[in-house]
1. Calculate the spin-label point distance for R66 paired with Q13, positioning each point 7 Å from the Cα along the beta-carbon direction, and give it in nanometres.
2. Collect residues whose amide H, placed 1.01 Å from N in the peptide plane, falls under 5 Å from the amide H of T90; neighbours closer than 5 in sequence don't count.
3. Taking 7 Å along the Cα-to-C-beta vector as the label spot, tell me the I28-K75 distance in nanometres, rounded to one decimal.
4. Report the equivalent ellipsoid semi-axes for the chain in whole Å, largest first, defined as the square roots of five times the eigenvalues of the gyration tensor built from alpha carbon atoms.
5. So for the pair V100, V5, with labels modelled 7 Å out along Cα→Cβ, what separation do we get in nm?
6. Relative contact order for the chain using alpha-carbon pairs under 8 Å, separation at least 6, rounded to a whole percent?
Amino acid sequence: QVQLVESGGGLVQAGGSLRLSCAASGNIFSINIMGWYRQAPGKQRELVARITSSGITNYEDSAKGRFTISRDNAKNTVYLQMNSLKPEDTAVYYCNFQVVGRVYWGQGTQVTVSS
C-alpha cells in the first residue's frame with residue numbers, strides 16, 4: 001500500500017521560512033507529477049506548486065518568487081521551500097502524487113504564519 005508522509009509544517013513569523021517534505025513509501029513507480037496543495041478554513045483546496053517528471057514547474061501566482069518546488073525521484077520525495085511567508089499562506093498543505101491511473105494524497109501538514 002502506498003503512503004505519503006509529510007513533514008516540515010509548523011508555526012513561523014511573517015517573513016520567515018519553512019521547508020515541507022513529502023515522501024512516498026510502498027510500491028510506486030514513474031510518478032508523473034508531484035504537487036503541493038493547500039486549504040485554508042472556509043476555502044477550496046488550491047494548487048500551490050507542481051513539478052513534472054522532467055522538472056518543469058508551475059506555481060500559483062502568489063507563490064511565484066517565494067516558493068520553490070523540487071523532487072528527488074530516487075527517494076520518491078517532493079519538497080516545497082517556502083520563503084518570505086505571509087499570513088495568507090496559513091493553511092493545511094497536502095502533497096499530491098500523480099501516476100498513470102492513480103492519485104495519492106498526503107495526510108496534510110499545518111502551516112501557520114503569524115503577523
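1. Label at Q13, label at R66, 1.7 nm between them.
2. Sorted by chain and number, the residues that satisfy this are V113.
3. Each label point lies 7 Å from its Cα, and together they span 1.5 nm.
4. After scaling each eigenvalue by five and taking roots: 24, 14, 13 Å.
5. Roughly 2.9 nm, to one decimal.
6. Relative contact order comes out at 36 percent.
Values quoted throughout were computed directly from the atomic coordinates according to the rules given, and no laboratory measurement underlies them. Bear in mind the structure is a predicted one, so any value in this text is a computation, not a measurement. Cβ: placed from backbone, ideal geometry, glycine included. Neighbour counts: every protein chain shown.
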